[in-house]
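Structure, as structure tokens:
Nothing in this text is a laboratory measurement; each read-out follows from the coordinates by a stated rule. These numbers were taken from a predicted model, which means no experiment stands behind them. All Cβ positions, even for glycine, are placed from backbone atoms using ideal geometry, and neighbour counts span all protein chains on display.
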Amino acid sequence: MRPRSMLLDANLALKVADFGGSSLNGAASLVYGSKRFYLDRVWKDSTPCMNLFALGSTIYKIMTSTSPYKDVKSNEVQPLFNSKIFPDLSGVPCGELVERC
């Protein structure tokens, strides 16, 4: 889940259109999500916790118009997430919701 995977219909109802990492008949997925929106899950099955984390990152992007760690190189993002070092949420609309994700 990430902002590019969110669509609005004619009634402004949110539709999730995220098939990245999908597989058929239980086969292993060959594609993984953006490092800025997912906890490390290479070779692991997706869990509700990982999806909630992606939702929080998506809400952050929507509310701030920037991705988490916008000034950090992509290869440096995952170690920050793994160390539970997250962007400052003070002053971010819906920051408390993002923090709970």
Exposure proxy check on C49, C94: fewest-to-most Cβ neighbours within 10 Å is C49, C94
Computed about the Cα centre, the charge dipole of segment 47-100 from +1 Lys/Arg and -1 Asp/Glu charges at the Cβ has a magnitude in debye, to the nearest 20, of 120
For segment 47-100, the Kirkwood Rh over every pair of distinct alpha carbons, in Å, works out to 11.6
Final fewest-first order of M50, M6 on the 10 Å Cβ neighbour count is M6, M50
When Y69, Y60 are ranked with the fewest other C-beta atoms within 10 Å first, the list becomes Y69, Y60
With 0.36 nm assigned to each residue of separation and the Cα-Cα distance removed, L7 to F86 gains 25.8 nm
Given the candidates P79, M63, L97, the one whose Cα lies deepest towards the positive end of the charge dipole of segment 47-100, counting +1 at each Lys or Arg C-beta and -1 at each Asp or Glu C-beta, is P79
